[in-house]
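Before any comments, here is the structure.
The values are calculated or read from the model by the stated rules, or taken from the named source; none is laboratory data. The structure displayed is predicted, hence computed values, not measured ones. Note: areas computed on protein heavy atoms with side chains; ligands, DNA, RNA excluded. Shrake-Rupley method; radii C 1.70, N 1.55, O 1.52, S 1.80 Å.
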Amino acid sequence: MITDIDFFNVLSDETRRRMLSLLLTEDELSVCELCHAVDCAQPKVSRHLAKMRQSKLLAVRRDGVWMYYRINPQLPAWAFKIVQLMAQAGESTQLLVRDRNRLLSMPDRPIRESRPTAPTTVTPMQPRVAGGSATVFDAGVRLVR
């Protein structure tokens, strides 16, 4: 189980926050996809992924030669909610849009059935009002074809 100290230590790094935001919207990504999306070298991304995996924030799945990372489905509800809110917050939303667009333009991206095949762009979601003055945010981004 993840500890609060490990969890907030992981969130203290911008690159790790960006990767978590991408994994929240994409479900799972390979190391090469994350490298391309956040525009970092593979050793740096791998070190960040190892730290997040050791902290129990990420789960990993092997498919042939590819390793796919996703947010740990056993992540406590409080931690998952914080990751969701972090991905929807101001500057994080702008970085997520940029990183998602970079990911969607990636050439020779590993093929999975769950991801769209046509290139798309991403724009920030607008808050929607739900029954009164409370503002509810969706996933934080909207795909535009």
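Got a number for carbon plus sulfur as a percent of segment 1-75's accessible area, 1.4 Å probe? Kindly include the intermediate steps, with their values, before the conclusion.
On the way: 1810 of 3740 Å².
The computed percentage sits at 49.
Dividing the alpha-carbon Rg of segment 1-51 by 2.2 N^0.38 Å yields what?
Details: Rg = 10.9 Å, N = 51, 2.2 N^0.38 = 9.8 Å.
So the Cα radius of gyration is 1.11 times the expected 2.2 N^0.38 Å.
Mind listing the long-range amide H neighbours of L58? Cut-off is under 5 Å, sequence gap 5 or more, other chains count too, H placed in the peptide plane at 1.01 Å from N.
HN-HN under 5 Å from L58: R53, N72.
Have a look at segment 35-107 and give its Rg and Dmax from the Cα atoms, expressed in angstrom.
In Å, with Rg to one decimal and Dmax whole: 13.5, 38.
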